[in-house]
Amino acid sequence: KNYVKKNAIVFDIPFNSKKKYQVHIHCQSDDPAKDTDDRILYMKGAPERIFIRCTDFCASDGSIKPITPEFRGEMTRLQDKMGANGLRVLGFCMKKLPYDTFSADYPFSDGRDEKKSTPNFPLGEGPFIEKYANAKASGEPLKDDKGQLLDPPHEASGPGLVFLGMMALVDPPREAVPGAVAKCKTAGIKVIMVTGDHPGTAKAIAYKVGILWGPTKEDLIKANEDNRASPGDPDYQDPDLAQAIVAPGWEISDDMGHDKWNAILEHPQIVFARTSPQQKLVIVGHCQRLGHIVAVTGDGVNDSPALKKADIGIAMGIAGTPVTKNAADMILLDDNFASIVAGVEEGRLIFDNLKKSICYTLTSNIPEISPFLCWITMDTPMPLSTVLILAIDLGTDMVPAISMAYEDAEADIMKRPPRNAKVDRLVTRKLIFLAYLQIGIMQAMAGFYAWMVVLNDYGFPPTVLLGNPSGTGMFFGDQTMYCKFNGGQYVDFDGRVDPNTDPTVSPPTRRFPLWDRGDAGFLEKCTYPQKLFRGRQAQPKNSFKYREADTYNSRTFGLAQPTIEAIWALESKGFYEYVPWRGRMSPFWNNKWVAWNIERSEERLAGEKAGTLGRKGNVDGQLIFMAQPAGLYSACIANDYDLTGRKRPHKVGAYSNLRNIVKGANGFNLEDWEPADFSNYGDGSQCVGKLNGKRSYNQAQFCNGGYLDDGTPAGHQGCAALDNLTANVFYCKNGCGIDCQQVYGPQRNDDDVEQCQNVASRLVQTNANQHAQAAYWVSIVVVQWADLLICKTRWLSIRQQGLRNSVLNFGLFFETLLAAWLCYFTPFQVLGTRALRFTHWMPGIPFSMIIFIYDETRKYMMRATSPEVVNQATGQVTRVPGWIERFTYY
């Protein structure tokens, strides 16, 4: 510092990467204005840029001697030797500028303000001046890198300088760089060194860090010369097959043809040395031309164009200039190449974890969608409600799906080749194939199995649920079920057997309303009464009261209704009302269902349902018409006991007609049944005509056993004959109950008489299906345990990956505890969950184990059939994909 202070700077030319030198002009005192001594020019930079400007050198004794060819060759040899050792070499020179010419008021300039291409003081530009003059004389003037004509050189810049010597600096690469480069090679990332250093220095450093590891063409030529090997000799190595290349900047140019660029860039090991920023930009362009995704690092202002052009521009956070940082896509805060590789690994990890999270989330779509498909196509009861689907997607699956973001990288993550962005996207066909058609189907099987197990435990075996020809899916839980029994027995609430009634030929009595399989009984077939009466689309009048038969008319919101004739038709074929004994043994059973006081509860419940659905008006009536009626319709009574010509064809497509679908009841045809053969309607009249299962009736009379104040039957005189036939509606004195005092005739109008109904069949169906839906939902949670574990890895076994992800481990417990909380905490049962038996958590466990074992086996087979091969030329680890990897690795 003191030396610089005592020798003040008069003028300087800063270093730049294009010229590769720096110039200072000093006076010999601290005051340039008063100093009358000669000025001294000092120059440092790339040795070849310094040496070419020198005509003399300073000998060790201080004398100035002319540079000879021998001296020049020796300096070049020393420079190459130091560069080969990885040292950065600087050259130094000087020149005394006489005060007479370069006085205190001399206007030193780099030439630009005078429109000259060289400075206005000696700088060894003699060779360039001569070159410029020759080019001008030949009619081909020199141009700069941008194709613009060069300004003429300043004559004063011609005199040569005095060479002082060279200095070698040790600038070792960071310790983490070789390992980072090795990771890049195994990951299929090609690292190209583009530097301003001397080719020898660049080559030595490239070998140290692993960018070069094979011989260059020049190395092979020298080896052949040393071994005196010629083509055809055993130890001859073809130089044209060299995998490494060191391309000096003076051998490449912007206008070089694509063939030459391709020949350079096809080498797996490349170093560009003594390059300019403009050449760096050209190199980036040609790499992109060949289809590569290019990331470029830089710190200087001149690097900005290359960073901007690259697919990913990376600026140095410490050494980088503001301009470079603004042009870059990302900033490397520690200026460490290893951090770039760590970023690549982190990017791959993020992509991996997103794929895993998506795969985990998508698998549950199949068990969520398939229940609706079965309900629509197979006419089953609904296995899963939409609210429970939301409980999965927005509840139990949330934390496990998020936990994938915290998963560690798999061991092979940096052994994979760079993905093809056009093909390998987040969601691919293979991911869909695995998530939907493999794991998803197994999860759906687990759900359906749990659903059927629970319904079977409560008295509804799979034969009742699948393929039932009378619309099980639409009527399940809304209508009374009728079944044909093969053996079995009727029992009461306490399991006592009715010894007098044979279930195969007689319906149950009110005292013994439940059917039990006994030793070997089973259900042959089950169905529902056909809805032969379809009322008008309009809603009932405002005077409608669901307990009063007189207020019923042909308006039913267009909803079809079952008739007494349809029930008789079923009973004539051996189908009787079914209330399972297994339902009685369930946690949801209520003895009051067999004698339900509909006057006090049914209308209120209908109103609550309407409020839940957000509807107003007479919708409570609509809900009643959808469910089991509080009485029965008779087509014969309404049509004056003559069904001939009193029917109309069904229309297809309207919502009301979904409940109007009428099919043959489990194999027999209603057209073969004549109501006149089985019934007498009050006044002795017989019903004329035949029931037709393919058509509905315009008119039907509603009868519920009620009476008016004057003692006449409510609704129609003929309803009196049905008092004992409407088995699911009866009247009790002083309250409903299975052992109540039953009342008949006009006495039913007394104040102390209650209207009662047997709703056990449909409520057991409803509650059994709700428990089965909850079991289906729980089974999805159970199989998602395995799904979460198998999605931890795409390639490795979970044994290799381990269970170190604490967030994922928490997610396993979270989804289980949340499922249990929603099931057993009563307020949340409004979502459709139920307090399941512990055994009903078990059906999904075998499927969970199957999913886990299946995927572990799949991954093992992938690893066993996809060997890894190391490319000796590039160092890249390449897997040879087997059949399983090609079709299942997502």
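The table that follows gives values for the structure above.
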| read-out | value |
| --- | --- |
| Listed peptides 760-772, 243-255, 222-234 by packing density, highest first (mean Cβ within 10 Å) | 760-772, 243-255, 222-234 |
| Inter-site label distance for residue 644 and residue 115 at 7 Å from Cα along Cβ, in nm | 12.1 nm |
| Lys/Arg +1, Asp/Glu -1 at C-beta; the stretch 361-440 dipole; positive extreme among 383, 395, 365 | 365 |
| Mean residue ellipticity (222 nm) of the chain, computed from DSSP H runs ≥ 4 via -39,500 (n - 2.57), nearest 500 | -10500 deg cm²/dmol |
| Under Karplus coefficients 6.51, -1.76 and 1.60, residue-wise ³J(HN,Hα) of the stretch 358-372 in Hz, glycine/proline x | 5, 4, 4, 6, 6, 4, 6, 5, 5, x, 8, 8, 4, x, 5 |
| Among [x] 57.5; [y] 50.9; [z] 60.1, the entry derived from the coordinates for mean projected area of the Cα convex hull in nm² | [z] |
| Positive-end residue of 742, 493, 813, charge dipole of the chain with Cβ unit charges | 742 |
| Percentage relative contact order, the stretch 1-52, counting C-alpha pairs under 8 Å, at least six apart | 31 percent |
| Given charges at beta-carbon only (K, R positive; D, E negative), |dipole| of the stretch 132-255 in Debye | 520 debye |
| DSSP-loop GluC sites (Glu not before Pro) across the stretch 81-180, with at most 12 other Cβ within 10 angstrom | 175 |
| Contour excess over end-to-end distance, with Cα ends at residue 168 and residue 522 and 0.36 nm allotted per residue | 117.6 nm |
| Average Cα contact separation per residue, the chain, under 8 Å, 6 or more apart, as relative contact order % | 11 percent |
| Only Lys, Arg (+1) and Asp, Glu (-1) charged, at Cβ; the stretch 691-835 dipole about Cα centre in debye | 1380 debye |
| Of 825, 846, 791, farthest towards positive along the dipole that unit charges on Lys, Arg, Asp, Glu beta carbons give the stretch 775-847 | 791 |
| The stretch 799-890: trypsin sites (Lys or Arg not before Pro) in DSSP loop, at most 14 other beta carbons within 10 Å | 804, 837 |
| For the stretch 281-296, 3J(HN,Hα) per residue [Karplus equation, 6.51 cos²θ - 1.76 cosθ + 1.60, θ = phi - 60°, Hz, x = Gly/Pro] | 5, 5, 4, 4, x, 6, 5, 5, 4, 7, x, 7, 8, 10, 10, 10 |
| Rounded FRET efficiency, nearest 0.05, which uses the C-beta distance separating residue 345 from residue 835 and R0 of 45 Å | 0.40 |
| Calculated from backbone phi, Karplus (6.51, -1.76, 1.60) coupling profile of the stretch 238-246 in Hz, x at Gly/Pro | 6, x, 5, 9, 4, 8, 10, 8, 10 |
| Peptides 492-498, 86-92, 810-816 ordered by average Cβ neighbours within 10 Å, highest first | 86-92, 810-816, 492-498 |
| Model label zone, residue 31; criterion: amide N under 20 Å from point 7 Å along Cα-to-beta-carbon; scope the stretch 94-131 | 99-100, 103-106 |
| Solvent-accessible area per residue, Å², over the chain with all protein chains present [probe radius 1.4 Å] | 47 Å² |
| 15 Å Cα-Cα reach of residue 430 towards aspartates and glutamates, excluding residues that sit fewer than 8 places from it in its own chain | 352, 855, 885 |
| Given charges at beta-carbon only (K, R positive; D, E negative), |dipole| of the chain in Debye | 620 debye |
| Contact order relative to length of the stretch 110-164, as percent, for alpha carbon pairs under 8 angstrom and 6 or more apart | 48 percent |
| Percent carbon-and-sulfur accessible area, the chain, ignoring ligands, DNA and RNA, probe 1.4 Å | 56 percent |
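The values are calculated or read from the model by the stated rules, or taken from the named source; none is laboratory data. Remember, it's a predicted structure, so these values are computed and weren't measured experimentally. When we count neighbours, we look across all protein chains shown, and the Cβ atoms used for this are built from the backbone with ideal geometry, even at glycine. Ligands, DNA and RNA are stripped out before the accessible areas are found, and what is left, the full protein with its side chains, is counted by its heavy atoms. Shrake-Rupley method; radii C 1.70, N 1.55, O 1.52, S 1.80 Å.
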